[in-house]
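> Submitted below is the structure of interest, expressed as structure tokens.
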Amino acid sequence: PGLTLSLNNKNMFKRAETFSLKLNGAYEWQIGGEKTTKGRSGLVNSYELGINLNLSVPRLLVPKFMKTTKDRQERTNFQIGTDFLNRHSYFRMISFWGSATYDFNSSRRNYHSVVPFKLSYTHLLRTSHEFDSTLNNNPAIALSFKNQFIPSMSYTYTFDRAATYRNPNRIFWQTSLTQAGNIISGVQALFGKTGEGRKILGNRYSQFLKLTTEIIKYKKTSDNSQIAMRFMGGIGYAYENAKVMPYSEQFYVGGANSIRAFTVRSIGPGGYHPAESRYSYLDQTGTFRFEANVEYRFRIFKSIWGATFLDAGNVWLMRKDEARPNSQLELKTFPKQIALGTGVGIRYDMDILVFRLDFGIPLHLPYDTERSGYYNVTGAFFKNLGIHFAIGYPF
């Protein structure tokens, strides 16, 4: 759950510019989990606070030769903000960012977003003894949490064929490409600075490429039922100045909007399964992601809807990590390292708000267990049951 307070001025400079000040807060917790000698593993108890300033101009602020007379929606956004994240028993982190974004459409179905400049900075304020022990045992994870700048540029393409009376089957596709650190690296190379560990303002900066894509199709089967299908993929690769991607840029799966038979960050990367550790939450991220979901939604009574679903996916590492065996992406192990889960859910759809309760149960674990065969889940049924309460549809 979260709360956002917003103050808006919709005509800041008398030309329909919108200025907004937003204060937001959110709280996240997880109950249950396996008991270990140090308590319960994988528990989440954290809160987040942030402030955001945004100026939105209803036109593209670009040189005159780049402008067009074509009638289209255009918007330029300038944004600065800060975010404070407290993960109980793990760390406290603060981040700052600023960006400029151009949003426009080339047709009624094709949308484009260009971010020519974005600069983020993350800084660890406090860490626990157990958190430091985890980082000491895994140098790759430690590097991903280093105080660092993330200077980036990105482009996002969105295709959205909305549902109509003649064709009620909506298709949504969004793909984003991000690069970080290359321009600064090029400038430093001109002055003879090359290799790993280069800095700006006394802090190392990240250098990586990241590609993500998501395809969603909604197929209407009757007036009171629908099938929703989603595919998601992503790959990130860090190089030169930083061989490990920032923790905030890595992928993870599980949770209310992902593979619902598993809690957030409780599987992966690959076939890696941490030993009993309360802090396994930290190292179950990856730089390659594959996920597929299918959900059948049907009306039970008026605003009450039901659903059955099947979720599959995992994350992997693009580089070998000795501290996390079986975590690297390999073709021969890829099929058996895809986690699979199913379940049922119930929704209360108020049109403007949807309350959702999902019950997920795993069918296949991506790591070796005591059982052989494809169904390798151990333990009692209710011990493996994942229950997620959320607001909004998962996709």
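> Say R0 is 51 Å: what FRET efficiency, to the nearest 0.05, do residue 106 and residue 380 get from their beta-carbon distance?
Efficiency computed from Cβ-Cβ geometry: 0.40.
> What is the set of long-range amide H partners of residue 376 at a cut-off below 5 Å, with H atoms built 1.01 Å from backbone N?
365
> Students often forget the sequence filter, so: which lysines lie under 19 Å Cα-Cα from residue 199 once same-chain residues fewer than 8 apart are removed?
118, 146, 243
> Once R0 is set to 51 Å, what does the formula 1/(1 + (r/R0)^6) return for the Cβ-Cβ distance between residue 211 and residue 370, expressed as a FRET efficiency to the nearest 0.05?
0.85
> Using a Cα-Cα cut-off of under 17 Å, which lysines could be cross-linked to residue 383, ignoring same-chain neighbours fewer than 8 residues away?
Filter leaves 35.
> What length, rounded to one decimal in nm, is gained on full extension from residue 224 through to residue 86, with 0.36 nm per residue of separation minus their alpha-carbon distance?
Roughly 45.4 nm would be gained on extension.
> Something else now. Give the aspartates and glutamates whose C-alpha is closer than 19 Å to that of residue 217, dropping any in the same chain fewer than 8 places away, or say none.
160, 291, 295, 311
> R0 = 41 Å: FRET efficiency of residue 20 with residue 361, Cβ-based, nearest 0.05?
Here the calculated transfer efficiency is 0.45.
> Whole-Hz ³J(HN,Hα) for each residue in segment 225-236, computed from phi via Karplus 6.51 cos²θ - 1.76 cosθ + 1.60 with θ = phi - 60°, x for glycine and proline: what do you get?
The phi angles translate into 8, 7, 10, 10, 10, 9, 10, 10, x, x, 9, x Hz.
> Sticking with this one: From the list (i) 1.06; (ii) 1.01; (iii) 1.49, can you say which value of Cα Rg over 2.2 N^0.38 Å was derived from the structure given?
(i)
> Over the chain, what is the mean sequence separation of C-alpha contacts under 8 Å (at least six apart), divided by residue count, expressed as relative contact order in percent?
About 10 percent, as a whole number.
> Work out from phi, with θ = phi - 60° and the Karplus expression 6.51 cos²θ - 1.76 cosθ + 1.60, the ³J(HN,Hα) of each residue of segment 197-211, listed in order in whole Hz, and give x for Gly and Pro.
For segment 197-211, the Karplus-derived couplings read x, 5, 10, 10, 6, x, 10, 5, 10, 7, 9, 7, 10, 9, 10 Hz, x marking Gly and Pro.
> Summing Lys, Arg as +1 and Asp, Glu as -1, what charge do residues with Cβ under 11 Å from the Cβ of residue 141 carry, residue 141 excluded?
0
> Further question: Averaging the inverse of every distinct alpha carbon separation and then flipping it gives the Kirkwood radius. What is it for segment 279-340, in angstrom units?
So the Kirkwood estimate lands at 14.1 Å.
> What full-extension length gain, to one decimal in nm, is calculated for residue 323 and residue 248 as 0.36 nm per residue of separation minus the Cα-Cα distance?
25.0 nm is the gain from fully extending residue 323 to residue 248.
> Across segment 223-363, what fraction of all alpha-carbon pairs, as a whole percent, falls in each successive 5 Å bin from zero upward?
Using 5 Å bins, I get a P(r) of 2, 10, 18, 19, 16, 12, 9, 7, 5, 2, 1, 0 for segment 223-363.
> Output the relative contact order of segment 224-294, whole-number percent, from Cα pairs under 8 angstrom with separation of 6+ residues.
44 percent
> State, to one decimal in nm, how far the label point of residue 117 lies from the label point of residue 201, with both points 7 Å from Cα in the Cβ direction.
1.3 nm
> Also: With every protein chain kept in place and ligands, DNA and RNA left out, what is the accessible area per residue of the chain? Probe 1.4 Å, answer in Å².
On a per-residue basis, the chain sits at 55 Å².
The values are calculated or read from the model by the stated rules, or taken from the named source; none is laboratory data. This is a predicted model, so every value here is computed, not measured. Here Cβ is always computed from backbone atoms with ideal geometry, including for glycine, and neighbour counts include all displayed protein chains. Each accessible area value is taken on the protein alone, full model and side chains, heavy atoms only, with ligands, DNA and RNA left out. Shrake-Rupley method; radii C 1.70, N 1.55, O 1.52, S 1.80 Å.
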